[in-house]
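Everything below concerns the one structure shown next.
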Amino acid sequence: MCLIVFAWRPDHAQPLIVAANRDEFYARPSLPLAQWPEAPQVYAGRDLEAGGTWLGVGANGRFAALTNIRDPHQPPARTSRGELVAKFLNGESTIDDYLSDVVSRSVEYAGFNLLIGNAHELWHYNARACEAVMLQPGVYGLSNAGLDTPWPKLLKARAALEALLGDPQPEALLGLLSDAQTASFADLPDTGVGLATETLLSSVFIASPTYGTRASTALIVQADGARHMVERSFGPYGGHLGEVEIRI
C-alpha cells in the first residue's frame, strides 16, 4: 500500500473514512478483497507470495493498513511486512500489547508505516521514528515516508478527501484514487530512486508495464459498526480487472 488518506472522526456518524491505493509489481500474485476462509472475521485482500495483506478489517471494529517506507538502501527484510496487518486483524491482542510486540520486532521488517485501530482508537507507528502515536480526530495522509509528509500526491489526495466529507460515497472515494497526473519536476521528493522513477511514483494512481496501482479501496465505517468496502483491481498499464463490494 503506497497511499492512504483517511478521516478519523470518532464522535461522528461515520467515524472512519478511508481511500487507499496499493502499489506493487503486477507479477506479485495476490487475491482481491474477500472474507478469509480460515479467519472469517477478516475481510481483506491477500498477498499470495507471503500470505499477508495491506489493508483490511476484522472483528470488534478492527482496522489495519500498511505502507512501505521508500529507501533503496535499506537491507533486505527477514519477514514480510504484510503479516503486521494480518496478525492484528486475526488476533485478539489489545492495541497496546500489539504495538509493544511490533516495536520489539520492527527490525525484522523493511521500513513501514502501520495504522491499527478499533471503534475507539486509531494509532500510527512509523518504523523509522520507532514511535507509536494515538491519532486525534482529523484528516490525514500516509504515503511512503512519515505521516502527512507533504508529497504532492498526498497533498492532492488529502484535499480531495476533505472536499468529500460532507457526503462520502465509495464511487467518489475511488474517483480521487484514480488521478494519474504526475507531479512537476520541481515538486518531486528525492528518495534516492532517480528522476524517472520519482516521476512515475508521484501520481496518486500509478500505471506502467510492470509496476503500478494494483488495488484501490474505499472504506466507510458507520457509528454502529457497519462497514462498507469497495475495491477495484488493476493490471499492467492500469487495466481494470474487477470490483468487489462488501457490506458487513
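The values are calculated or read from the model by the stated rules, or taken from the named source; none is laboratory data. All figures in this text were calculated on a predicted structure; none of them were measured in a lab. Don't worry about glycine lacking a Cβ; one is built from the backbone with ideal geometry, like all the others, and counts go over all protein chains shown. Only protein heavy atoms, including side chains, enter the accessible area calculation; ligands, DNA and RNA are left aside. Shrake-Rupley method; radii C 1.70, N 1.55, O 1.52, S 1.80 Å.
Taking the numbered list (1) closer than 28 Å to Ala110 by Cβ; (2) in contact with a Ser or Thr (Cβ under 9 Å, 6 or more places away or on another chain); (3) touching a residue at least 12 places away in the same chain (Cβ under 8 Å) in turn, Leu174 passes all entries but (1).
Mind checking whether some residue in segment 107-130 is touching a strand residue (DSSP E or B) at 6+ places or on another chain (Cβ under 7 Å), at pLDDT 95 or above, open to solvent by 70 Å² or more (accessible area, probe 1.4 Å) and farther than 17 Å from Ala19 by Cα? No - not one qualifying residue is present in segment 107-130. Residues that are at negative phi, assigned to a loop (DSSP other than H, G, I, E, B) and in contact with a Gly (Cβ under 9 Å, 6 or more places away or on another chain): does segment 191-206 have at least one? Within segment 191-206, one or more residues are at negative phi, assigned to a loop (DSSP other than H, G, I, E, B) and in contact with a Gly (Cβ under 9 Å, 6 or more places away or on another chain).
Of all residues in segment 1-31, those being surrounded by fewer than 21 Cβ atoms within 10 Å (Cβ to Cβ) and not in a strand (DSSP E or B) number 10.
With respect to the numbered conditions (1) among the hydrophobic types (A, V, I, L, M, F, W, C); (2) open to solvent by less than 50 Å² (accessible area, probe 1.4 Å); (3) over 24 Å from Arg28 (Cβ atoms), which one is the sole condition not fulfilled by Ala157? Of (1) among the hydrophobic types (A, V, I, L, M, F, W, C); (2) open to solvent by less than 50 Å² (accessible area, probe 1.4 Å); (3) over 24 Å from Arg28 (Cβ atoms), only one is false for Ala157: (3). When Trp8, Trp36 are screened for being touching a strand residue (DSSP E or B) at 6+ places or on another chain (Cβ under 6 Å) and within 22 Å of Ala160 (Cβ to Cβ), only Trp8 passes.
Just one of the listed residues (Leu201, Leu164, Leu177) is under 22 Å from Ala119 (Cα atoms) and open to solvent by less than 60 Å² (accessible area, probe 1.4 Å), and it is Leu164.
On inspection, Ala172 fails the criterion of being touching a helix residue (DSSP H, G or I) at 6+ places or on another chain (Cβ under 6 Å), of a type in the set (A, V, I, L, M, F, W, C), open to solvent by 10 Å² or more (accessible area, probe 1.4 Å) and closer than 22 Å to Thr53 by Cα. Taken together, Asp101, Asp148, Asp97 contain a single residue that is open to solvent by 20 Å² or more (accessible area, probe 1.4 Å) and within 15 Å of the chain's Cα centre (by Cα), which is Asp148.
Considering the conditions (1) touching a Gly at 6+ places or on another chain (Cβ under 7 Å); (2) part of a strand (DSSP E or B); (3) surrounded by fewer than 18 Cβ atoms within 10 Å (Cβ to Cβ), Gly242 is excluded by exactly one of them, (1).
Residues in segment 51-89 that are in a loop (DSSP other than H, G, I, E, B), open to solvent by less than 10 Å² (accessible area, probe 1.4 Å) and β-branched (Val, Ile, Thr): Thr53 only. Going through Val107, Val102, Val139 one at a time, which residue ends up being free of Cβ contacts under 8 Å to residues at least 12 places away in the same chain and either under 29 Å from Thr191 (Cα atoms) or not aromatic (Phe, Trp, Tyr) (or both)? Val107 is the lone residue from the list that is free of Cβ contacts under 8 Å to residues at least 12 places away in the same chain and either under 29 Å from Thr191 (Cα atoms) or not aromatic (Phe, Trp, Tyr) (or both).
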